[in-house]
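Student: Handing you a structure now.
The values are calculated or read from the model by the stated rules, or taken from the named source; none is laboratory data. The shown structure was predicted, so the numbers you read here are calculated from the model rather than taken from an experiment. Quick reminder, even Gly has a Cβ in these numbers, built from the backbone with ideal geometry, and neighbours come from all protein chains shown.
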Amino acid sequence: MTTVRVAVPRKGRPLEAVLERIATRTGTTALADDITSTLRFEKAVTKDDQQAESGVYERLAEYSDTTDSTAPEYTLLRDDRDGMPRRVVFDSVTIPTDDVDVQLVGREEPFRALRTHEFALGFDSADLVLEEVVQLRGDPLRSLAEVNERIDPMDTDVRVHTGLGDTVYHTLLATPAVAPTGDTPIDREFVTGYSGPLCISPRYERLVEAVLGTDTLDGVSFVYPEEGVTEEAAVAEAGLGVYLTVTGSTAREHGLVVGESLFPSETVLLENTAESDAAADTVASLFAEASEETALPPS
């Protein structure tokens, strides 16, 4: 049986989205739940929200079943929290299907692993694609379907294949003092006529430039949350900002008005077109068929 290696994040929401998707396609729900619950527990231990009865090396040994070739494997990673504790994260698992075996392989930066041709397929956040390779233009980038059009083929062979639908949105937020009056929406057109500070996370500068469009940002200056200040509080101080939201309830608690959802922050299936073959296409179809509503047109 042919094995196709797929790069995935080592932890967090994107990995959970991948596990959920492949579980629905292969009937491996128990396996996916086991990996997810293990990693959530380890995250809670790292954050001191839970206490473990054994040390990290003992737990790592407990999670490893060397007698079962289909059992998940884990590894240790230095967490970036104070003291840099060792954290148990996902390493790999092999999931059989009717046509090929799919080996999910943990990587710190799956997108960059595809860019260096280590894998034909991988999963990562759409945000990273926007931050690294999409061209900045005067007009805004509005959807996943437009991403591949803005990737320079001379820059990378990686393309977005489909989204997994685990969507939160980069959303415009404003204070009532800055927000337009009446029924005028807080949207890109409003930002076009706005001059002043726009609060964003510093890691999303290129993303915000892409999804608003550089023409929209004339007269706008980026400001960033200070250390220890929440994004919502920083946006409230600036008057206008872009932040990831699900329901907008936390933003409203800070007195903010929720505006236009600019772009989906979503886990996406990535393909290095130079490395793909028939087996990789089979695996890509395995994920994409369950997500026709977010599948992208061929690039």
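Student: Quick check: anything in segment 164-173 surrounded by 13 or more Cβ atoms within 10 Å (Cβ to Cβ), under 25 Å from residue 18 (Cβ atoms) and of a type in the set (Phe, Trp, Tyr)?
Tutor: yes
Student: Let me ask something else. Within segment 268-280, is there a residue that is surrounded by fewer than 22 Cβ atoms within 10 Å (Cβ to Cβ), in contact with a Leu (Cβ under 6 Å, 6 or more places away or on another chain) and not in a strand (DSSP E or B)?
Tutor: Looking for residues that are surrounded by fewer than 22 Cβ atoms within 10 Å (Cβ to Cβ), in contact with a Leu (Cβ under 6 Å, 6 or more places away or on another chain) and not in a strand (DSSP E or B), one finds at least one in segment 268-280, hence yes.
Student: For residue 160, indicate whether it is touching a residue at least 12 places away in the same chain (Cβ under 8 Å), crowded, with 19+ Cβ neighbours inside 10 Å and within 30 Å of residue 282 (Cβ to Cβ).
Tutor: yes
Student: Right, here's the next one. Taking the condition of being closer than 14 Å to residue 123 by Cβ and among the β-branched types (Val, Ile, Thr), how many residues in segment 2-34 meet it?
Tutor: Looking only at that region, the number is 5.
Student: Across segment 202-222, what is the total count of residues that are farther than 17 Å from residue 141 by Cα and buried (at least 19 other Cβ atoms within 10 Å of the Cβ)?
Tutor: 0
Student: Six or more apart or on different chains, Cβ atoms under 6 Å: show the pairs whose first residue is in segment 113-130 and more than 20 Å from residue 286 (Cα to Cα) and whose second is among the aliphatic types (A, V, I, L, M).
Tutor: Cβ pairs passing all conditions: 113/7; 115/158; 127/207; 130/207; 130/210.
Student: Quick check on residue 153: is it out of contact with any Gly (no Cβ under 6 Å at 6 or more places or on another chain), in the same structural domain as residue 205 (by TED's automatic domain parsing) and of a type outside the set (D, E, K, R)?
Tutor: For residue 153, the condition - out of contact with any Gly (no Cβ under 6 Å at 6 or more places or on another chain), in the same structural domain as residue 205 (by TED's automatic domain parsing) and of a type outside the set (D, E, K, R) - is not met.
Student: Can you go through 221, 249 and tell me which one is among the small types (Gly, Ala, Ser), farther than 28 Å from residue 162 by Cβ and at pLDDT 95 or above?
Tutor: 221
Student: What about residue 126, is it among the hydrophobic types (A, V, I, L, M, F, W, C), more than 14 Å from residue 212 (Cβ to Cβ), surrounded by fewer than 16 Cβ atoms within 10 Å (Cβ to Cβ) and assigned by TED's automatic domain parsing to the domain that holds residue 104?
Tutor: No: the conditions fail for residue 126.
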